[in-house]
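Q: Sharing a structure, written as structure tokens. Questions coming.
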Ligand code: CMC
């Protein structure tokens, strides 16, 4: 970020104020309003942060008009086809692609941290049997700070590193345990001879009673889903992690806050909501009815898996996932899956509809991911936990970047107050 010679002039109550302008390496210029209140006595108003940069960052760049997503400069489609999740994790965390030795060391460190403290098993058992796995994950990840005291001091870079590796390594184990608990099956311990994605499938689908061989094509598809969800700039859950962390809260508490935020249907919960919607539509002949509902201002229904705050052209992650859906379903011999037919027809109908064209609404990452996950055998309740475990590395990378930033200060937005002004208390008998 460089401060340019350019400034913006604000005229207010007969006085002029110069606002510095920063030029990013990519993307629109940014007005620096940090001193505005001190100098001019006004706040800016931007609910939903549609025009506000909350931080500077070097991790991820999105060009919503061009449908571009870069991690440390590398396009997501190249990473999805040529790289894999742990390599992308290294890239997000440390800024560069690893050498073969660095990757081997990183994979070994992650692999050696996949087990959770044995006492955490008891913690799981306190949840109701039918708890949603996201509810369990919010609680269990928050509780990690009670089990791993030696990595909660955020002022110590070594502890930050250990906490990061622990979170990346243990989230698949915790997500799989939440799933196993919800279906009444025994927890499955991680296996260090399997790669990250294969180990997750093993922990979800194997049972002690028989052998389970992970299909390499499915583990590759799983890894690609992880990779496509790894980071996404300052979205709601990442901003939640940063805001929680700005108070100095420990990393496990911050990531639990991110998981809680991700759960909402406007964010990570959209993949579950999207598949439920496709099932409700059921057959292609019912598509017009749902399109009409999505366009009706008096109906709260929205086409789930459609639209994005930043992408106004195409979501590059959705493009990769659509192709992946075809491959996985063909592999599983279910290419005539009725949900995929409904999804493809719905996508075409919406893309040709003036309402969706005018509002620049396109399929997002959640539109096709659910179809793949269901074909792999996951229930809808596991879709958002899979998003959460994939996004953990993004949250941590952003968290580490923020803590290391000397400009880091507690996040504390102001407000446009529209309530009562001062009035005198009225005794209860006089109200
Ligand atoms: N179906 C129908 N209309 C829509 C949709 C949709 N999916 N999305 C936006 N619109 C309309 C909306 O009604 C509004 O119309 P108007 O201008 O007439 O009021 C206009 O498009 C702009 O919508 P917005 O809600 O102001 O846009 P936003 O940037 O605040 O919201 C969004 C973005 C993703 C929350 C929204 O598009 C949405 O609710 N989509 C469905 C949920 C979904 O798929 N979420 C996953 C997002 S990607 C993954 C992630 O972030 O986790």
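The values are calculated or read from the model by the stated rules, or taken from the named source; none is laboratory data. Values in this document were obtained by computation on a predicted structure and should not be read as measured data. Methodologically, a virtual Cβ is constructed for each residue, glycine included, from the backbone with ideal geometry; neighbour enumeration extends over all protein chains shown.
Q: Which of the following residues is outside any helix (DSSP H, G or I) and either touching a residue at least 24 places away in the same chain (Cβ under 8 Å) or exposed (fewer than 14 other Cβ atoms within 10 Å of the Cβ) (or both): 285, 299?
A: None of the other options fit; the residue is 299.
Q: What do you reckon, is residue 264 within 12 Å of the ligand (Cβ to nearest atom), touching a helix residue (DSSP H, G or I) at 6+ places or on another chain (Cβ under 8 Å), over 24 Å from residue 89 (Cα atoms) and not in a strand (DSSP E or B)?
A: Yes; evaluated as a whole, the condition is true for this residue.
Q: With respect to residue 304, determine if the residue is surrounded by 22 or more Cβ atoms within 10 Å (Cβ to Cβ) and within 23 Å of residue 217 (Cα to Cα).
A: Spelling it out, it is not the case that residue 304 is surrounded by 22 or more Cβ atoms within 10 Å (Cβ to Cβ) and within 23 Å of residue 217 (Cα to Cα).
Q: Continuing with the same structure: Only one of these conditions is not met by residue 262: (1) surrounded by fewer than 20 Cβ atoms within 10 Å (Cβ to Cβ); (2) touching a residue at least 60 places away in the same chain (Cβ under 8 Å); (3) within 22 Å of residue 232 (Cβ to Cβ). Which number is it?
A: Here residue 262 meets the rest and fails (1).
Q: Another one. Residue check: is residue 254 crowded, with 16+ Cβ neighbours inside 10 Å, within 30 Å of residue 59 (Cβ to Cβ), within 16 Å of the ligand (Cβ to nearest atom) and under 17 Å from the mean Cα position of the chain (by Cα)?
A: No: the conditions fail for residue 254.
Q: For the range 114-221, please list each of the helices (runs of 4 or more DSSP H) lying entirely inside it that holds at least 1 residues being out of contact with any strand residue (DSSP E or B) (no Cβ under 6 Å at 6 or more places or on another chain) and surrounded by fewer than 17 Cβ atoms within 10 Å (Cβ to Cβ).
A: Filter on the range 114-221 gives 120-125, 133-147, 157-182.
Q: Which one of the conditions (1) in a helix (DSSP H, G or I); (2) touching a helix residue (DSSP H, G or I) at 6+ places or on another chain (Cβ under 6 Å) does residue 410 fail to meet, given that it meets all the rest?
A: Result: residue 410 passes all but (1).
Q: Sticking with this structure for a sec: Give me a count of the residues in the range 283-299 that are touching a helix residue (DSSP H, G or I) at 6+ places or on another chain (Cβ under 9 Å) and within 15 Å of the ligand (Cβ to nearest atom).
A: Total meeting the criteria: 8.
Q: Given the range 1-100, what strands (runs of 3 or more DSSP E) lie entirely inside it while holding 3 or more residues that are modelled with pLDDT of 95 or more and surrounded by 15 or more Cβ atoms within 10 Å (Cβ to Cβ)?
A: Because the criterion is at least 3 residues that are modelled with pLDDT of 95 or more and surrounded by 15 or more Cβ atoms within 10 Å (Cβ to Cβ), the strands (runs of 3 or more DSSP E) in the range 1-100 that meet it are 15-23, 60-63, 68-71.
Q: Can I ask one more? Pairs, please: C-beta under 6 Å, at least 6 apart or cross-chain, first residue without any contact (Cβ under 8 Å) to a residue 24 or more places away in the chain and in the range 37-60, second part of a loop (DSSP other than H, G, I, E, B) and surrounded by 12 or more Cβ atoms within 10 Å (Cβ to Cβ)?
A: Going by the 6 Å Cβ cut-off, the qualifying pairs are 44/33; 46/52.
One line per residue, one yes/no per condition, for (1) more than 25 Å from residue 323 (Cα to Cα); (2) touching a helix residue (DSSP H, G or I) at 6+ places or on another chain (Cβ under 8 Å):
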| residue | (1), (2) |
| --- | --- |
| 87 | no, yes |
| 100 | yes, no |
| 104 | yes, no |
| 117 | yes, yes |
| 129 | yes, yes |
| 140 | yes, yes |
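Q: So residue 272 ticks every box in (1) in a loop (DSSP other than H, G, I, E, B); (2) surrounded by 21 or more Cβ atoms within 10 Å (Cβ to Cβ) but one. Which box is left unticked?
A: That leaves (1) as the condition not met.
Q: Give the residues of the range 61-79 that are without any contact (Cβ under 8 Å) to a residue 60 or more places away in the chain and out of contact with any helix residue (DSSP H, G or I) (no Cβ under 8 Å at 6 or more places or on another chain), sorted by residue number.
A: Residues satisfying the conditions are 63, 73, 78.
Q: Could you tell me whether any residue of the range 315-333 is in contact with a strand residue (DSSP E or B) (Cβ under 6 Å, 6 or more places away or on another chain) and surrounded by 17 or more Cβ atoms within 10 Å (Cβ to Cβ)?
A: Within the range 315-333, one or more residues are in contact with a strand residue (DSSP E or B) (Cβ under 6 Å, 6 or more places away or on another chain) and surrounded by 17 or more Cβ atoms within 10 Å (Cβ to Cβ).
Q: Please specify each residue of the range 234-261 satisfying the condition of being out of contact with any helix residue (DSSP H, G or I) (no Cβ under 6 Å at 6 or more places or on another chain) and not in a helix (DSSP H, G or I).
A: The answer is 234, 235, 247, 248, 249.
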